[in-house]
Amino acid sequence: LAMFYLSTKDDWTTLMWSAADSTDVDTGPYQNSNYWAVVYFVLVVLVGGFFILTIFVGVFIDSYNLVSHQSEKEPRMRRDNSVASSVMGRGEEPEEPVNE
């Protein structure tokens, strides 16, 4: 549950300082008695945030490349829409799509 709390980054410092104040079993908290807990929490938040950002950017780039390759395969029609002009009665044959 603590790792999920850290991954959301919602008030994670409260959990970190509670862990930093923790001592042995059956003893009360002592302020800043466990500095390794602070190091652990900061590393988990930084490394976890880095991986989440990397995954997000990777999915974004992969989706962009997929759409880009799909649009290259589809032929583009000219802007004057020659099919519509032949339907309107001009009598011209539709032109072939222009591959740019």
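List of remarks:
- Accessible-area value, W17, 1.4 Å probe, nucleic acids and ligands omitted, Å²: 110
- Y30 accessible area, 1.4 Å probe, all protein chains in place, Å² to nearest 10: 150
- Only protein heavy atoms count here; under a 1.4 Å probe, T27 has an accessible surface of about 80 Å².
The values are calculated or read from the model by the stated rules, or taken from the named source; none is laboratory data. Quick caveat: nothing in here was measured; it's all calculated off a predicted structure. Areas reflect the complete protein model, heavy atoms only, side chains present, ligands, DNA and RNA absent. Shrake-Rupley method; radii C 1.70, N 1.55, O 1.52, S 1.80 Å.
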